[in-house]
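The values are calculated or read from the model by the stated rules, or taken from the named source; none is laboratory data. Just so we're clear, the structure is a prediction, and the values are computed from it rather than from any experiment. Glycine gets a Cβ as well: all are built from the backbone with ideal geometry, and neighbour counts include every protein chain shown. Surface areas here come from the heavy atoms of the whole protein model, side chains and all, with no ligands, DNA or RNA. Shrake-Rupley method; radii C 1.70, N 1.55, O 1.52, S 1.80 Å.
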Amino acid sequence: ARVSSASRCAALALSCTLFLAVNGLYSASDDVIELTPTNFNREVIQSESLWLVEFYAPWCGHCQRLTPEWKKAATALKGVVKVGAVDADKHQSLGGQYGVRGFPTIKIFGANKNKAEDYQGGRTSEAIVDAALSALRSLVKERLSGRSGGYSSGKQSGGGDKKDVIELTDDSFDKNVLNSDDVWMVEFYAPWCGHCKNLEPEWAAAATEVKEQTKGKVKLAAVDATVNQMLATRYGIRGFPTIKIFQKGEDPADYEGGRTRSDIIARALDLFSDNAPPPELLEIVSEDVLKTTCDAHQLCVISVLPHILDTGASGRNSYLDVMLKMAEKYKKKMWGWLWTEAGAQADLESSLGIGGFGYPAMAAVNARKMKFALLKGSFSEQGINEFLRELSVGRGSTAPVGGGAFPKINVVEPWDGKDGELPVEDDIDLSDVDLDDWDKDEL
């Protein structure tokens, strides 16, 4: 029978729900305001209201349990305190901007919107409402005493702290930017330019956040183009402000994003991700390696490679090279990458349906749901890429991990990078044996 388009769509939707592509937890009908990099600055940072913002991931069990309580709190606080939510799995740059490392994370944005406070209270609607009202009371008292700061516009008072914006000149530009391995975002401005003055506090705030989030690997700088006219001419600056992106080995590119702090930070973190090293490929030598990697990532990719006696060092390294290339290709996904030798973790193989034959093998595991998918194609760049691409869009069949949890992991010695050696058998010394006498006795 012909399968209808609706049936195919329903099957695809079910597959997506079962694995990675999970829909958000909130809808437009809720009193919880959905926040994204596009509207966060306008709604929260430029607001005079008190905000409680939840950073969540749709696949997170704790987030799912919090959802009804968060909705109740939002309804109770409607018109008094703003309650929002950010899908930080989808908008990782926004979560990274506020140091989100786990889910759910709740932040309170009060008088100083540039210094959000962590919410440490209970996860019931009553506890959330109590904390919101307490924060609101503190905000009102600060305003009453005149200590509220000047952050309602999202701009730092006094024109902003520019300590992390690097000032560049005709003389210093090439040495600092063109000879650097880091990524540079450079604003060309004119002191009299009104748009430049509006950008200045946003650029300064973003510079500090980007420096912290990227460990200095992405730098924000500024060039007074009215003074440093050689640079302005070289890069064809015709209007102000103009922002250029400089990466080693590439032509300068125009920045075409928004002019808010959150827009700038989001682009900087994307650039950082593009230039970041691939994830580390770890051998499963203990339970700690497996749990730490899989608990910290939405997906961990586990390969079981043939025994070293079957491939030698060169054969094993060729398989590891394939994995490293895939880790590089999918590094933006922030997945974990692991491997083990056939037979070293037999219980783990069994729980993932690998079962002692058909090496090399690969399984992609969602440790939070304890579900996995097996590579059915070849263990090659093309085969693995097709496998991971299907998973990344929610396709592909999955199965529960055997026993519902990872089995006991053996502690093993890490591979030394060498060819394997057969076990050495004990030599038998026959020098004291009289074979002639032995033959007579036997006869």
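Observations on the model:
- In the set (1) in contact with a Pro (Cβ under 9 Å, 6 or more places away or on another chain); (2) under 21 Å from ASP310 (Cα atoms); (3) in a strand (DSSP E or B), the condition left unmet by TYR359 is number (3).
- Among all residues of region 414-427, there is at least one that is within 25 Å of GLU349 (Cβ to Cβ), modelled with pLDDT under 90 and open to solvent by less than 40 Å² (accessible area, probe 1.4 Å).
- Any strands (runs of 3 or more DSSP E) falling wholly within region 172-290 and containing at least 1 residues that are among the hydroxyl-bearing types (Ser, Thr, Tyr): 183-189, 242-246
- A count restricted to region 60-69 and to residues that are open to solvent by 70 Å² or more (accessible area, probe 1.4 Å) and under 24 Å from THR38 (Cβ atoms) stands at 0.
- Of all the listed residues (GLY336, GLY394), the sole one being buried (at least 17 other Cβ atoms within 10 Å of the Cβ), within 30 Å of ALA266 (Cα to Cα) and modelled with pLDDT of 90 or more is GLY336.
- Residue match in region 346-358 (condition: modelled with pLDDT of 95 or more and under 17 Å from VAL322 (Cβ atoms)): no
- Condition broken by ILE302, with the remaining ones in (1) among the hydrophobic types (A, V, I, L, M, F, W, C); (2) within 27 Å of GLY61 (Cβ to Cβ); (3) at pLDDT 95 or above; (4) outside any strand (DSSP E or B) satisfied: (4)
- Search result, residues across region 118-148 that are within 23 Å of ALA88 (Cα to Cα), part of a helix (DSSP H, G or I) and either among the charged types (D, E, K, R) or open to solvent by less than 20 Å² (accessible area, probe 1.4 Å) (or both): SER125, ILE128, ALA132
- All of LYS115, LYS90, LYS72, LYS78 fail the test of being without any contact (Cβ under 8 Å) to a residue 12 or more places away in the chain, among the basic types (Lys, Arg) and surrounded by fewer than 19 Cβ atoms within 10 Å (Cβ to Cβ), apart from LYS115.
- Selection of region 309-322 for residues being surrounded by fewer than 22 Cβ atoms within 10 Å (Cβ to Cβ) and at negative phi yields LEU309, ASP310, THR311, ALA313, SER314, GLY315, ASN317, SER318, TYR319, LEU320, ASP321, VAL322.
- GLU48 being among the charged types (D, E, K, R), part of a loop (DSSP other than H, G, I, E, B) and open to solvent by 40 Å² or more (accessible area, probe 1.4 Å): yes
- Residue in region 254-298 that is modelled with the lowest pLDDT, counting only those that are among the small types (Gly, Ala, Ser) and closer than 30 Å to GLU341 by Cα: ALA276
- Whichever residue in region 32-43 is more than 12 Å from PHE109 (Cβ to Cβ) and touching a Leu at 6+ places or on another chain (Cβ under 8 Å) and, among such residues, is surrounded by the most Cβ atoms within 10 Å (Cβ to Cβ): PRO37
Per-residue answers, yes or no, for (1) hydrophobic (A, V, I, L, M, F, W, C); (2) at pLDDT 85 or above:
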{"residue": "SER145", "(1), (2)": "no, no"}
{"residue": "GLY154", "(1), (2)": "no, no"}
{"residue": "GLY158", "(1), (2)": "no, no"}
{"residue": "ASN179", "(1), (2)": "no, yes"}
{"residue": "LYS197", "(1), (2)": "no, yes"}
{"residue": "LEU231", "(1), (2)": "yes, yes"}
{"residue": "THR242", "(1), (2)": "no, yes"}
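- Contact annotation: residue pairs with Cβ atoms under 7 Å, 6 or more positions apart or on different chains, pairing a residue in region 193-219 that is surrounded by 20 or more Cβ atoms within 10 Å (Cβ to Cβ) with a partner that is of a type in the set (Ser, Thr, Tyr), are CYS196/TYR189; GLU202/THR260.
- Near pairs, Cβ below 8 angstrom, 6+ apart or cross-chain, from region 369-383 (farther than 19 Å from TRP335 by Cα) to any residue that is open to solvent by less than 60 Å² (accessible area, probe 1.4 Å): LYS376/PHE387; GLY377/GLY383; GLY377/ILE384; GLY377/PHE387
- The residue that is surrounded by the most Cβ atoms within 10 Å (Cβ to Cβ), among those in region 265-308 that are farther than 17 Å from ARG368 by Cβ and of a type in the set (Val, Ile, Thr), is ILE265.
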